[in-house]
1. Looking at (1) assigned to a helix (DSSP H, G or I); (2) within 13 Å of the ligand (Cβ to nearest atom), can you tell me which one LEU227 breaks?
2. I'd like to check something: does the stretch 106-115 contain any residue that is surrounded by fewer than 14 Cβ atoms within 10 Å (Cβ to Cβ), farther than 30 Å from PRO395 by Cα and at pLDDT 95 or above?
3. Tell me which residues, restricted to the stretch 241-250, are within 15 Å of the ligand (Cβ to nearest atom) and either exposed (fewer than 15 other Cβ atoms within 10 Å of the Cβ) or in contact (Cβ under 8 Å) with a residue 60 or more places away in the chain (or both).
4. Output the number of residues of the stretch 410-433 satisfying the condition of being open to solvent by less than 30 Å² (accessible area, probe 1.4 Å) and either assigned to a strand (DSSP E or B) or at pLDDT below 95 (or both).
5. Can you find even one residue in the stretch 195-216 that is part of a strand (DSSP E or B), out of contact with any His (no Cβ under 9 Å at 6 or more places or on another chain), within 14 Å of the ligand (Cβ to nearest atom) and of a type outside the set (Gly, Ala, Ser)?
6. Can you pull out every residue in the stretch 303-325 that is among the small types (Gly, Ala, Ser) and either at positive phi or within 16 Å of the ligand (Cβ to nearest atom) (or both)?
7. Collect the residues in the stretch 155-191 that are of a type in the set (Ser, Thr, Tyr), surrounded by fewer than 22 Cβ atoms within 10 Å (Cβ to Cβ) and within 12 Å of the ligand (Cβ to nearest atom), keeping them in residue-number order.
8. Could we say that LYS235 is more than 20 Å from GLU340 (Cα to Cα), within 16 Å of the ligand (Cβ to nearest atom) and surrounded by fewer than 17 Cβ atoms within 10 Å (Cβ to Cβ) here?
Amino acid sequence: MKNLFQLLPAIHDLQASPAFEHLLQIQQVEKGYMTSVVRDVVTNVRNKMIRGEWNEPISSREEMVAFIINKVGEELVNRSKYYLTKTINATGTVLHTNLGRARLSDEVIQHIITISKGYSNLEYDINDGTRGSRHSIVESLLKELTGAESAMVVNNNAAAVYLILRALAKDKEVIVSRGQLVEIGGSFRISSIMEESGARLIEVGTTNKTHLEDYENALTDETSMVLKVHTSNFKTIGFTSTVETSALALLKKKKENLIIYEDLGSGVLYDFKQHGIGDEPVIKDVIAKGVDLASFSGDKLLGGPQAGIIVGKKAWIDQLKRHQMARVLRVDKMTYAALEATLFSYVKGNYSDIPTIRDILATKEEIKERCQIFTEKLLGNTKHFNIQMKEDVSPIGGGTMPGVEIPTYVVCLTHSNRTAMEIATLLRQHSTPIIARIKNEEVILDFRTIEKEDIEEIVIAFTHIG
Ligand SMILES: *Cc1c(COP(=O)(O)O)cnc(C)c1O
């Protein structure tokens, strides 16, 4: 045991070794930085020895120096890699929150590059040569697409909910149906956000049923708002009823300045219902039903960057824009560029330019073709995999369209001597991590969310596994 520790060189001896000098030359890093990595590696080796986990066949100081410097080299390479990495989404879930929700098109990305690489007119009025407002950047596009009087953008939809409650309902009462007090993705609860904002939550109705009288009876001098929340992530079925947005709007006759606000969650600009997919209301229709404010995410079904979009009556949105929190929650030029370019596709009616829409509308036949290309490429390259193509369904994800499943094609794989869990782990460890589903001990690749150009990479990963 004692002999083992004697193998460990002192840090200054390592620094003086030719191997250290050589590595420093090829890695082109600061000596101080490399020394700190050397320290980490030596500590690691010592800890292994202490825990009795050291089992390298090393018997001399020279071999130990070579071993440590080699490890330092690996560690330097690891530490110089970005944390964020491209990931292949083989789950079929189009809006996968853990994998970054909506992906963006080349046109959108090009606009982000142009705007962030140089200076831009982010807050500059080019016509007048004076200060402009970033709020106006996408406002006209949003007005056109939703029919609303006014619009603004904040960091995400959670921020939109917060800003609206804080600016317009602080110390006042906000009426919400008990059936809509939702929690989304574990960290966003309507009741908690309401508490943070200083608005007082008035719950009405029951979990399964809320009627217009419930809202009406709850109106007091202190009421400022009725909040309707899209029940993302879950579906209530059976003996249920909620109050239609247009009926809620009638409450405004009972109370002056009452704000009807609908948190749409996802909010769609493209009508998926026409394809029989889900029953998400189009924002334009919600506005037409008489709500004063509506908010939704930029990176859910809209298919743009992370953002919270607020549309509605100008009088209220002007107040939101002037509020101090608007500055705190504002978005930067990259988001505006991405959102502007995404909204452009909608205005021009080029819906298929938007990857989220394209992926959701992809037909079983298109997806089957991708499965076939993959299967044919893989067949000659593997001995151990059993490969089968099957019909299946993809969820939409991102807390949108709960319960909706769209027909798809998948490739199911089993390995002759490895479990599905092992295969899934190896796929995640591939240089471009591949995230697959597992069902009934099979690895399942849903090609709805796999681009044709990524097929080759998946074949390589499977070939490596053997
Ligand atoms: C997703 C969602 C949110 C949160 O939106 P983010 O853009 O993720 O902040 C808020 N409300 C509802 C109803 C949602 O579905």
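1. (1)
2. yes
3. If the condition is that a residue be within 15 Å of the ligand (Cβ to nearest atom) and either exposed (fewer than 15 other Cβ atoms within 10 Å of the Cβ) or in contact (Cβ under 8 Å) with a residue 60 or more places away in the chain (or both), then THR242 is the only one that fits.
4. 5
5. no
6. Listed by number, the residues that qualify are GLY303, GLY304, ALA307, GLY308, GLY312.
7. Answer for the stretch 155-191, where residues must be of a type in the set (Ser, Thr, Tyr), surrounded by fewer than 22 Cβ atoms within 10 Å (Cβ to Cβ) and within 12 Å of the ligand (Cβ to nearest atom): just SER187.
8. When the stated conditions are applied, LYS235 passes them.
The values are calculated or read from the model by the stated rules, or taken from the named source; none is laboratory data. These numbers were taken from a predicted model, which means no experiment stands behind them. Here Cβ is always computed from backbone atoms with ideal geometry, including for glycine, and neighbour counts include all displayed protein chains. Areas reflect the complete protein model, heavy atoms only, side chains present, ligands, DNA and RNA absent. Shrake-Rupley method; radii C 1.70, N 1.55, O 1.52, S 1.80 Å.
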